[in-house]
Amino acid sequence: SQQGEEDPQALSIQEGENATMNCSYKTSINNLQWYRQNSGRGLVHLILIRSNEREKHSGRLRVTLDTSKKSSSLLITASRAADTASYFCATEANQAGTALIFGKGTTLSVSS
Amino acid sequence: DGGITQSPKYLFRKEGQNVTLSCEQNLNHDAMYWYRQDPGQGLRLIYYSQIVNDFQKGDIAEGYSVSREKKESFPLTVTSAQKNPTAFYLCASSIVGGYGYTFGSGTRLTVV
């Protein structure tokens, strides 16, 4: 089962613009994480937000979490061509001994 | 340098053959995971292990087997019972309980 659903599926922007990706999930969570994947490569962990947090920043990344709506957003500010990649949200259920469940991802294309 | 290594990078399997994908980590992580990724799709969980000599099935375990005899190693065998094994396989590791995952660079398996 895939817990998270990202929206949009694909996003094309110009360098310098902001990119916003959304993630919805279904069950209670311990935390939500965002990952990046360059084509044909492994995933890289970007940021983790716990269920009792509402917003978190890391460099040009800003993540919000709304547990009442079971949704999260990832904002990348001042996008660069190097940000071109697929972005996935993943949730850790509020239950011991589980593994991350990933969504289908958003493909971001940043053109110069 | 600490990291997680998957080998081989590319693997070709004939119909009816079993093949084993290697995953080794030197991060001293207790937990290890196997995911499958199909084109344009998210990651689906095959198996995971949070301690040596113990592992749990994920959402798509049928046709796969694993072992966890050492903390550092979590090999995945794709058996002949897996009818559609062509995919990108990703291994990951983590500290147990609420932390981000470190991913390997993946193995691309093709049935010929």
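Each value in this text was obtained by applying a stated rule to the coordinates, not by laboratory testing. Remember, predicted model here, so these are calculated numbers, not experimental data. Note that each Cβ is placed from the backbone with ideal geometry, even for glycine, and that neighbours are counted across all protein chains shown.
Every condition in (1) under 12 Å from the mean Cα position of the chain (by Cα); (2) away from chain A (no Cβ under 11 Å); (3) aromatic (Phe, Trp, Tyr) holds for B:Phe12 except the one numbered (1).
Pick out the one residue from A:Ser79, A:Ser28 that is more than 9 Å from chain B (Cβ to nearest Cβ) and farther than 23 Å from B:Ser49 by Cα.
Working: A:Ser28 fails: farther than 23 Å from B:Ser49 by Cα.
After applying the criteria, what remains is A:Ser79.
Can you tell me which of (1) of a type in the set (S, T, N, Q); (2) over 30 Å from B:Asp54 (Cβ atoms); (3) surrounded by fewer than 18 Cβ atoms within 10 Å (Cβ to Cβ) is the one A:Ser86 doesn't meet? All conditions are met except number (3). When you scan the range B:33-60, how many residues do you find that are within 15 Å of B:Val96 (Cα to Cα) and touching an Asp or Glu at 6+ places or on another chain (Cβ under 9 Å)? Adding up the residues that qualify gives 4. The residues in the range B:22-76 that are surrounded by 18 or more Cβ atoms within 10 Å (Cβ to Cβ), assigned to a strand (DSSP E or B) and among the small types (Gly, Ala, Ser) can be counted, and the count is 2.
Residue by residue, here is whether (1) surrounded by fewer than 18 Cβ atoms within 10 Å (Cβ to Cβ); (2) of a type in the set (S, T, N, Q) holds:
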residue: A:Asn52; (1), (2): yes, yes
residue: A:Glu55; (1), (2): yes, no
residue: A:Ala96; (1), (2): yes, no
residue: A:Phe102; (1), (2): no, no
residue: A:Leu108; (1), (2): no, no
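Quick grid of which residues meet (1) more than 14 Å from the chain's Cα centre (by Cα); (2) part of a strand (DSSP E or B):
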residue	(1), (2)
A:Ile13	yes, yes
A:Asn22	no, yes
A:Leu32	no, yes
A:Arg36	no, yes
A:Gly40	yes, no
A:Leu46	no, yes
A:Arg62	no, yes
A:Leu65	no, yes
A:Ser68	yes, no
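Considering the range B:1-21 alone, what residues qualify as being exposed (fewer than 15 other Cβ atoms within 10 Å of the Cβ) and either of a type outside the set (Gly, Ala, Ser) or part of a strand (DSSP E or B) (or both)? The answer is B:Asp1, B:Thr5, B:Ser7, B:Pro8, B:Lys9, B:Tyr10, B:Phe12, B:Lys14, B:Glu15, B:Gln17, B:Asn18, B:Thr20. Out of contact with any Asp or Glu (no Cβ under 9 Å at 6 or more places or on another chain), of a type in the set (Gly, Ala, Ser), more than 10 Å from every other protein chain (Cβ to nearest Cβ) and touching a residue at least 60 places away in the same chain (Cβ under 8 Å): is that true of B:Gly63 in this structure? Here the answer is no, as B:Gly63 does not meet what is asked.
Inside the range B:78-112, residues that are at the interface with another protein chain (Cβ under 8 Å from one of its Cβ atoms), exposed (fewer than 14 other Cβ atoms within 10 Å of the Cβ) and touching a residue at least 24 places away in the same chain (Cβ under 8 Å) make up a count of 0.
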